[in-house]
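Chemist: One structure, as structure tokens, below. Some questions next.
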Amino acid sequence: MLSIVDRVVDSEMDGMVADLQTLIRQPSVSAKKQGLVECANLVSAVMKKAGIKSDVLYLGDDKSIPPIVYGQAGSRSNPSKTLLFYNHYDVQPVEPLELWDADPFSGKLEGNYIYGRGSADDKGELITRIKAVEYFLKKTGDVPCNIKFIVEGEEEIGSVHVEQYLQKYRDRLACEGVIWEFGYVDAKDRPIISLGMKGLLYVELVSVGPSRDAHSSLAVLIENPAWRLVSALATMRDANGKILIKDWYKEVRDFTHQEIEVISHEPFDEKEFKEEYGVSRFVANAQGSDIKRALVGLPTCNIAGLNSGYIGEGAKTVLPARAMVKIDFRLVPEMVPEIQLQRLKDHLSEHGFGDIRVNFIHGEAAARTGISDPFVKQVERAATEAFGSAIVSVSSAGTGPMHSFAKVLGSPCISVGGTYMFARIHSPNEFARVDLLNKTTKCICRIMENFSSY
Ligand SMILES: [Zn+2]
């Protein structure tokens, strides 16, 4: 089925590419606070040019917190339904620079590829949303439902203030549905519609020994903090990945029949995946549908970094004064980061490791939109029409601030977009594909049309 704006999307591709290049050419690295306000202003200008009302909004007087860009296009034909687009204008650092074939902020176009940091993540996704609105306004003088945008500048550093922004501007951002900032397209050009994200609890455990590094002959007398830390870690997880902390899984619910059905249809190429990562087996020897269920719905306890003592060349006989480990726990729906943190602390003291310090770094709950929500079918229909086929996924294995949106706005969130899975996001030579920008824009147009009857 054709959308009334399909032809406009096709005929205006050069304009979309040019606007994306303009956005890429404005560096906006949140980790370095580089160019953020400039980029927010630029996004706002691109929106205004598209016919979208836009403001750059701050959280308060502290202007060191990057602003959000708000956008709004009201519908005359259907003012009762509002769809919100969530995106981000910040990007990851470009290093290592020497591995780029061209300037990371050049936005170089080569055939079907536009290269540059942010070309896919997330400026490429953002431009498809803006253009979908622009083309509707151009073609019909209206949009099929009310449209709002929130474009933040701290996604790549953990969306530190997005929940506060949502609270502060909750009335302005009120909506009935949210289209998430990204969406992958697999190697067979099928978009993956993801209905959720895992949560995260990130901590540091620090074990402190003698007041300074000591001669290792004293290991007969002085307890080694690295051994204490390793012993503590060994009590937390078994060899099959099961977390041994009391009540860790207490709130975790089983998949519904409907979820199991959807998960069974999610593609996963076990052989290709193992080759890609150079591994011969999975945790707990997972096979078949267990692999997919683990990705969607298993909590994890992952050692992200481990540091103690001498790690230079050759031998140094030393008893270190301190040992530290960084751990990320992925969480699934109903797990509350603060409660899990307390369970971890209780576990350590109950096992005789009460002296190990637990530093809380980051906590974020999981979120999941129910499969039976009518919004899901609408997005699936739109994506299938625009791309030829689509895959529905119960949840991404990754983490994002989706729970904040669900909690503050009370709206279902769905992730769909046009980022090719191997588009090297966060890596050198990141690219966007022009053909996928085209299809994604058509998909967004259809989502807007379908949403008018949500
Ligand atoms: Zn990213």
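The values are calculated or read from the model by the stated rules, or taken from the named source; none is laboratory data. If you're wondering where the values come from, they're calculated on a predicted model, not measured in any experiment. Cβ coordinates were reconstructed from backbone atoms using ideal geometry, including for glycine residues, and neighbour counts include every protein chain displayed.
Chemist: Tyr86 fails exactly one of the following numbered conditions: (1) crowded, with 21+ Cβ neighbours inside 10 Å; (2) of a type in the set (Phe, Trp, Tyr); (3) out of contact with any strand residue (DSSP E or B) (no Cβ under 6 Å at 6 or more places or on another chain). What is the number of that condition?
Modeler: Checking Tyr86 against (1) crowded, with 21+ Cβ neighbours inside 10 Å; (2) of a type in the set (Phe, Trp, Tyr); (3) out of contact with any strand residue (DSSP E or B) (no Cβ under 6 Å at 6 or more places or on another chain), the one that fails is (3).
Chemist: Considering only the stretch 311-334, state which residues are of a type outside the set (A, V, I, L, M, F, W, C), over 21 Å from Leu221 (Cβ atoms) and exposed (fewer than 13 other Cβ atoms within 10 Å of the Cβ). Spell out the reasoning first.
Modeler: First, the residues of the stretch 311-334 that are of a type outside the set (A, V, I, L, M, F, W, C): 312-314, 316-317, 320, 322, 326, 328, 330, 333-334.
Checking the rest, the ones that are also over 21 Å from Leu221 (Cβ atoms) come to 312-314, 326, 328, 330, 333-334.
Result: Gly312, Glu313, Gly314.
Chemist: Also, I was wondering about something else. Any residue that is within 20 Å of Phe268 (Cα to Cα), more than 16 Å from the ligand (Cβ to nearest atom) and small (Gly, Ala, Ser) - is there at least one of those in the stretch 413-429?
Modeler: no
Chemist: Kindly provide the set of residues from the stretch 164-179 that are surrounded by fewer than 20 Cβ atoms within 10 Å (Cβ to Cβ), out of contact with any helix residue (DSSP H, G or I) (no Cβ under 7 Å at 6 or more places or on another chain) and not in a loop (DSSP other than H, G, I, E, B), ordered by number.
Modeler: Gln164, Lys168, Asp171, Arg172
Chemist: Under 7 Å between Cβ atoms, which residue pairs at least 6 apart in sequence (or on different chains) link something in the stretch 136-163 that is assigned to a helix (DSSP H, G or I) with a partner that is among the hydroxyl-bearing types (Ser, Thr, Tyr) and within 16 Å of the ligand (Cβ to nearest atom)?
Modeler: From the stretch 136-163, the pairs are Glu156/Ser30; Ile157/Ser30.
Chemist: Continuing with this model, one more query. Residue check: is Asp171 away from the ligand (no atom under 16 Å from the Cβ), free of Cβ contacts under 8 Å to residues at least 60 places away in the same chain, of a type outside the set (A, V, I, L, M, F, W, C) and more than 30 Å from Asp328 (Cβ to Cβ)?
Modeler: Details: away from the ligand (no atom under 16 Å from the Cβ): yes; free of Cβ contacts under 8 Å to residues at least 60 places away in the same chain: yes; of a type outside the set (A, V, I, L, M, F, W, C): yes; more than 30 Å from Asp328 (Cβ to Cβ): yes.
Criteria met by Asp171.
This table checks each residue for (1) modelled with pLDDT under 95; (2) within 16 Å of the ligand (Cβ to nearest atom); (3) under 30 Å from Leu319 (Cα atoms).
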position: Ile179; (1), (2), (3): no, no, no
position: Val185; (1), (2), (3): no, yes, no
position: Pro191; (1), (2), (3): no, no, no
position: Glu204; (1), (2), (3): no, no, yes
position: Val208; (1), (2), (3): no, no, yes
position: Asp213; (1), (2), (3): no, no, yes
position: Leu218; (1), (2), (3): no, no, yes
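Chemist: Another question, if that's okay. I'd like to verify a number: residues in the stretch 227-254 that are on the phi > 0 side of the Ramachandran plot and surrounded by 14 or more Cβ atoms within 10 Å (Cβ to Cβ), how many? Spell out the reasoning first.
Modeler: Just the residues of the stretch 227-254 that are on the phi > 0 side of the Ramachandran plot, to begin with: 241, 247.
With surrounded by 14 or more Cβ atoms within 10 Å (Cβ to Cβ) added as a condition, the list becomes 241.
Qualifying residue count, the stretch 227-254: 1.
Chemist: Could you tell me whether any residue of the stretch 130-150 is within 16 Å of the ligand (Cβ to nearest atom) and either among the hydrophobic types (A, V, I, L, M, F, W, C) or buried (at least 17 other Cβ atoms within 10 Å of the Cβ) (or both)? Write out each step before concluding.
Modeler: In the first step, residues of the stretch 130-150 are kept if they are within 16 Å of the ligand (Cβ to nearest atom); the result is none.
Within the stretch 130-150, none of the residues are within 16 Å of the ligand (Cβ to nearest atom) and either among the hydrophobic types (A, V, I, L, M, F, W, C) or buried (at least 17 other Cβ atoms within 10 Å of the Cβ) (or both).
Chemist: Further question on the same structure: Among the residues of the stretch 245-265, how many are free of Cβ contacts under 8 Å to residues at least 60 places away in the same chain and either over 30 Å from Arg293 (Cβ atoms) or touching a strand residue (DSSP E or B) at 6+ places or on another chain (Cβ under 8 Å) (or both)?
Modeler: 1
Chemist: When both residues are 6+ apart or on different chains and their Cβ atoms are under 8 Å apart, which pairs have a first residue that lies in the stretch 88-103 and is over 14 Å from Lys32 (Cβ atoms), and a second that is away from the ligand (no atom under 16 Å from the Cβ) and assigned to a loop (DSSP other than H, G, I, E, B)?
Modeler: Close Cβ pairs (under 8 Å, with a partner that is away from the ligand (no atom under 16 Å from the Cβ) and assigned to a loop (DSSP other than H, G, I, E, B)) amount to Ala102/Lys108.
Chemist: Tell me which residues, restricted to the stretch 272-303, are surrounded by 10 or more Cβ atoms within 10 Å (Cβ to Cβ), without any contact (Cβ under 8 Å) to a residue 40 or more places away in the chain and not in a helix (DSSP H, G or I).
Modeler: Within the stretch 272-303, Val279, Phe282, Ala286, Gln287, Gly288, Asn302 qualify.
Chemist: Can Ala239 be described as in a helix (DSSP H, G or I), hydrophobic (A, V, I, L, M, F, W, C) and closer than 30 Å to Leu306 by Cβ? Quick ask: steps written out before the conclusion?
Modeler: Values: in a helix (DSSP H, G or I): no; hydrophobic (A, V, I, L, M, F, W, C): yes; closer than 30 Å to Leu306 by Cβ: yes.
No: the conditions fail for Ala239.
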